[in-house]
1. Given Cα pairs under 8 Å that are at least 6 residues apart, what percent is the relative contact order of region 177-243?
2. If the viscosity is 1.306 mPa s and the temperature 10 °C, what Stokes-Einstein diffusion coefficient in µm²/s follows for the chain when Rh is the Kirkwood radius over Cα pairs?
3. Given a Förster radius of 25 Å and the C-beta distance between I20 and V70 as r, what FRET efficiency does 1/(1 + (r/R0)^6) yield to the nearest 0.05?
4. Below 8 Å, C-alpha to C-alpha, sequence gap of six or more: please give me the relative contact order for the chain in percent.
5. Helix-derived [θ] at 222 nm for the chain: sum -39500 (n - 2.57) over DSSP H runs of at least 4, divide by residue count, nearest 500?
6. Name the GluC sites (Glu not before Pro) in region 188-279 that are in a loop by DSSP and that have at most 16 other C-beta atoms within 10 Å, would you?
7. Sort all Cα-Cα distances of region 58-122 into consecutive 5 angstrom bins from zero, then give the percent of pairs in each bin up to the one containing the longest distance.
8. Rounded to a whole number, what is D in µm²/s for region 38-163 from Stokes-Einstein with the Kirkwood radius over alpha-carbon pairs (25 °C, 0.890 mPa s)?
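Here, each number is a calculation from the coordinates, and none is a lab measurement. Computed from a predicted structure; not experimentally measured. Cβ atoms come from the backbone with ideal geometry, glycine included; neighbour counts cover every protein chain shown.
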Amino acid sequence: AKETGKNNCQFYTREMNESIEEKLLLLDGLRGALEASQFCLLYQPKVDLRTGRVFGVEALVRWEHPEQGVIGPDRFIPLAEESGMILGLGEWVLRTACQQNRAWQDAGLPPLRISVNVSPRQFEDPRLVERVQHALNDSGLAPEWLELEVTEGVIMRDLQQAVAKMAELRAMGVSLSIDDFGTGYSSLSALKSFPISTLKIDKSFVRDLGRSDGDEAIASSIIELAHRLRLRVIAEGVETEQQRGFLRENGCDEMQGYLFSRPLPAMQLAEMLMAGTTR
Ligand code: C2E
Ligand code: CA
Ligand code: CA
Ligand code: CA
């Protein structure tokens, strides 16, 4: 609705104050949330597009807020990043994911690779490699069953250092993938020097597959690029048969999305895999 400039201005000012207040409140709650065990992980299956087999899961964090209910990571990961709390939270995620994966293996589930998101500040932490090593040692999980998802922007900030760090992780036996590929600015020539195994096509390019020539061109180009670099390629946010059909026809290796499964609690994921309800 068209209001006078003045009214609009006051309106926006008030909204902004409210959201800053809300942020401060969340930030305050975030401080004690780890100790109060208010975080939990959900696990979303990753599926091989040719065989339909679940070969891995991505760990996705949730905050069970005592008053607000379940809060998604888009609302608190940026706050945790800004405040530095991401280091503690990230370490909890890493350790919990490794422990959970080992527990599934001990329970007799077919071995899965677990993917953990690593935020910029976490990736830049000089102790990251050490922390990953500890999480593996303490859980007893073999490194081949752990993957870290890193965004391109993080790597491009300090290319040499990032590549050295990735090489260290790779040498440990941990896999690396580039998350949200195509959304950041990345240098294609740098890509060939990354010791990574997978590119992940961002869901913004997947949404309109079957409807948008532009997005189809982007998705199929990423698939071809990945294969030329001998990388695997996964599409996230796959919701429809049409999207899956396009991806399969264009040689995409793996997919993840609501079409197959939403992110699930550990118990439900195990039940699904035990029941063999793969499509
Ligand atoms: P992301 O890494 O790009 O994760 C994909 C997001 O897409 C997840 O949102 C997932 O639940 C959602 N998704 C999965 N399938 C579909 C689908 O078919 N359609 C649609 N529309 N969405 C789908 P979520 O769980 O809310 O996570 C949002 C972002 O928060 C993640 O984006 C990631 O960047 C960050 N995040 C989540 N967990 C962690 C964590 O443990 N550590 C860090 N540092 N970041 C995390
Ligand atoms: Ca991710
Ligand atoms: Ca994404
Ligand atoms: Ca993301």
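1. Relative contact order of region 177-243: 38 percent.
2. 79 µm²/s
3. 0.65
4. The normalised contact order for the chain reaches 18 percent.
5. Rounded to the nearest 500, the figure is -15500 deg cm²/dmol.
6. Loop-located and lightly packed - E239.
7. Result returned by the calculation: 4, 17, 22, 22, 16, 11, 7, 2, 0.
8. My calculation gives 158 µm²/s for D.
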